[in-house]
1. In region 173-197, how many residues are at pLDDT below 80, in contact with a helix residue (DSSP H, G or I) (Cβ under 7 Å, 6 or more places away or on another chain) and not β-branched (Val, Ile, Thr)?
2. Any chance region 150-165 includes a residue that's of a type in the set (Phe, Trp, Tyr), in contact with a Phe, Trp or Tyr (Cβ under 9 Å, 6 or more places away or on another chain) and either in contact (Cβ under 8 Å) with a residue 40 or more places away in the chain or surrounded by 20 or more Cβ atoms within 10 Å (Cβ to Cβ) (or both)?
3. For region 224-239, name all the residues that are free of Cβ contacts under 8 Å to residues at least 12 places away in the same chain, of a type in the set (A, V, I, L, M, F, W, C) and closer than 19 Å to residue 523 by Cα.
4. Taking residue 702, is it hydrophobic (A, V, I, L, M, F, W, C), at pLDDT below 90 and surrounded by fewer than 21 Cβ atoms within 10 Å (Cβ to Cβ)?
5. Of the residues that make up region 570-577, is at least one modelled with pLDDT of 85 or more, assigned to a helix (DSSP H, G or I) and surrounded by 17 or more Cβ atoms within 10 Å (Cβ to Cβ)?
6. Please work out if residue 61 is touching a residue at least 24 places away in the same chain (Cβ under 8 Å), assigned to a loop (DSSP other than H, G, I, E, B) and surrounded by fewer than 19 Cβ atoms within 10 Å (Cβ to Cβ).
7. Looking at region 655-663, is at least one residue within 19 Å of residue 154 (Cα to Cα) and loosely packed, with under 15 Cβ neighbours inside 10 Å?
8. Under 8 Å by Cβ, and 6 or more places apart or on different chains, what pairs join a residue from region 519-548 that is over 30 Å from residue 211 (Cβ atoms) with one that is in a helix (DSSP H, G or I) and of a type in the set (Lys, Arg)?
Amino acid sequence: MNPLRIRCENYRSFHDLDLQLPTGTLAILGANGAGKSSIVNVLELALFGPPSRNLGDYLTDGAVGDLMVELELEHRGDLYRVRRSYSARGRGSAKVDFEYVMPLIPDPDEEYDEGVVPGSHWAPLTRETAAETQALIEQTLGLSRATFRASAFLAQGDGAAFTEASPRDRKAILAECVGLDQWDRLHARVKTDRAAAESEVSRGTLAIEQATEELTYRKDTITERDAADSARGLLAAKLDADLQNVHTWEERLSTAQVAREKRAAVEERCLAARAAVAAAESRETKLAVEREHDLLYALARRPMLAERAETQGAREAEHADLVKATHEYASAEREVAQAVAEHERLTIERTRLLDEANALDEKARADSAAAEQMLEADAPTCQTCGQELEGDARGRAVDALIEAAATGEARAVTLRSQAHDLEAFINEQKPIAGRALTPPDPERTATALAQLRAARDATTQLAALDVKAERLAVVDAALVTLRDERPALDTALAQATADLEALGAAPAIAAVQASLDEAKETTNRRRTELAQVDRQIARCDERLERYATLTAQIVERREGIAAAQAELDLCLTLEKAYGRDGIPALIVENAAIPQIEAEANRILQELGTDYRVELQTQRALKSGEGFKDTLDIVVWAGSAARPYETFSGGERTRLNLALRIALARLLAHRRGAEVRMLCIDEPEFLDEQGTAALATMLQGLAGDFDRILLVSHHPSLRDAFEQSLEVVKDGDRSRVVGADREPVSAFLRGEKAQAA
């Protein structure tokens with residue numbers, strides 16, 4: 001880390017400060033309180049922020065603008081810039097920015113003027129939070145505030161930051177100066193790798209033990225599978241026998257069912273023949289009775305009816321006289337007559353609906369019976385054409401009959417509902433139709449009407465007797481036909497009875513079915529047993545496959561354990577080497593501490609003392625048994641060791657300077673940090689002789705540091721350093737001037753030297 005430029009605005013007593021730090025030694029001079037320390041404190045403030053975490057404390061009193069401190073530095077060949085700002089507006093806010101120079105790659109196809117280098121620009125490295133940005137700054141520089149203040153940066157009043165620190169803190173500072181943190185990282189990484197290797201060995205060993213334990217059951221599994229194979233063969237043979245038995249009983253059942261169907265068909269024929277004979281006998285008897293009844297009725301009723309019919313003309317004339325006499329009564333009777341007519345019409349309509357519904361019910365029952373007969377018949381015939389129905393035609397005919405029956409039943413329900421509605425309306429009309437009227441001569445009218453009706457009825461009955469006479473002729477013809485058909489019906493009945501006797505008793509289908517069910521149950525039980533054995537064989541095969549996989553895994557695990565064990569052995573060796581008692585201890589004991597002691601003692605001699613310092617890393621325990629790790633500073637005055645506290649202020653300052661500069665030189669050459677600067681702010685308790693010796697000694701360190709800054713109020717140092725500047729204060733504002741009171745910007749740019 002090598003600081004190049006400092007810029008400040010509204011920082012303490014400086015309103016505007018822009019310093020480009022020169023290479024070599026630089027003395028920053030000025031009276032006490034002029035603001036010298038504020039300049040070098042920018043280095044710590046920019047890199048690590050305020051120790052009190054309040055950047056607003058550095059804001060110039062009464063400042064109009066915001067606070068800004070900026071440091072440009074070079075580190076390991078790259079340019080960086082750290083800027084911290086603070087705004088007092090509102091509740092106050094602080095900000096930190098981290099940037100680096102990203103060089104622009106020259107275009108090979110473009111020509112540039114001689115001496116012109118393609119420009120670069122600042123690229124941001126700032127993170128989302130200030131804490132993350134600060135961590136990135138320290139990670140990039142490889143440096144913490146404590147190590148910076150205890151080595152390369154000797155702040156005013158803080159010269160004893162290393163000597164008066166605790167042994168533990170001194171060890172931490174020394175470790176960071178030497179760069180032992182990389183060994184700590186390696187040690188932590190090796191410990192992680194060791195834990196992973198141990199875990200891998202443990203897991204592998206446990207897996208092998210578990211797999212080996214599981215493999216002990218492999219022989220039992222093989223035995224179990226062989227037994228299952230044998231059992232499966234026996235069960236398969238039994239299942240074949242059971243299936244053959246089921247087939248035999250199925251054939252017997254089929255034969256019995258065919259025989260039963262034949263007997264049922266013959267029984268149906270026999271029943272049909274008997275029903276036909278009985279129907280013929282019943283019809284013959286009915287026709288004979290009907291003929292006898294109609295004949296006797298006609299003989300008894302005809303004379304009386306003929307006599308009444310002859311008086312119909314006289315009765316008609318009498319009725320006409322009554323109609324004329326009651327004409328005046330007709331208008332009054334019209335309403336009643338209309339009601340009576342409507343009543344009669346509705347009654348007739350209701351009767352018609354009920355009769356039609358009954359007829360539909362009868363037709364639906366007939367269709368249902370015909371459908372059942374068609375389903376049960378061996379060779380059904382069409383009711384329309386008489387052809388034999390087979391296959392789909394039989395199904396369609398049955399469906400048509402069933403559909404017709406359903407349609408008829410639905411229509412009958414609709415008609416009965418309409419008849420019920422008419423009956424309700426008729427009941428509403430009864431009071432009107434039944435209203436009593438008084439005719440002019442009720443008795444005469446009734447008698448005349450009765451006589452007229454009797455005459456009309458007689459005429460009608462005579463006509464009916466003539467019709468019955470004709471019907472008797474038809475009945476006589478039907479009786480003759482039935483007597484002719486009777487022998488054929490008797491013959492069909494005798495043949496059906498003979499066929500039924502020839503078939504014998506009905507086969508025992510129930511017993512055959514029971515045997516078949518028993519055989520099927522046995523077969524299903526055998527299949528279940530066979531499936532169980534198959535599942536057992538599958539489980540055995542899965543376990544055997546698992547055992548083969550485990551065997552391969554054991555071989556693979558053993559190879560992995562061997563590799564992990566080799567890794568573990570290496571990690572154990574590296575862990576011991578990277579530990580504090582390993583390589584870091586060798587570096588501290590054999591390199592760092594001897595180098596620090598030699599450099600500190602050399603510096604003490606140059607500062608005009610005969611003291612000698614020694615760093616001890618172990619201290620005897622109070623018990624006298626063993627030692628403990630430490631980092632103590634022992635000062636030798638001649639052959640005697642003296643405590644650090646017994647020295648005077650100037651002597652302690654020389655001791656502090658010697659150790660701090662030795663640490664700074666160690667840090668300047670440490671790979672990764674390489675702090676190429678040394679800053680000493682107002683070393684205390686040094687007289688003019690000591691200050692001159694310090695200046696001479698610092699001049700000799702120019703080859704170890706790129707920039708050496710010494711802050712002092714002694715004006716005599718102006719001529720002791722290659723370069724110097726002075727801080728003066730006008731009122732409450734500080735400014736920087738050159739050695740001859742010229743503006744410092746011209747002095748630091750080297751323009752004065754070029755003019756000389």
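1. 9
2. No, the conditions are met nowhere in region 150-165.
3. 234, 237
4. In short, yes.
5. no
6. Criteria met by residue 61.
7. Within region 655-663, not a single residue is within 19 Å of residue 154 (Cα to Cα) and loosely packed, with under 15 Cβ neighbours inside 10 Å.
8. Listed pairs, sorted by first residue: 526/238; 530/232.
The values are calculated or read from the model by the stated rules, or taken from the named source; none is laboratory data. This one's a predicted model, so the numbers in the text were calculated from it and none came from an experiment. Reconstructed Cβ throughout: ideal geometry from the backbone, glycine too, with neighbour counts over all protein chains shown.
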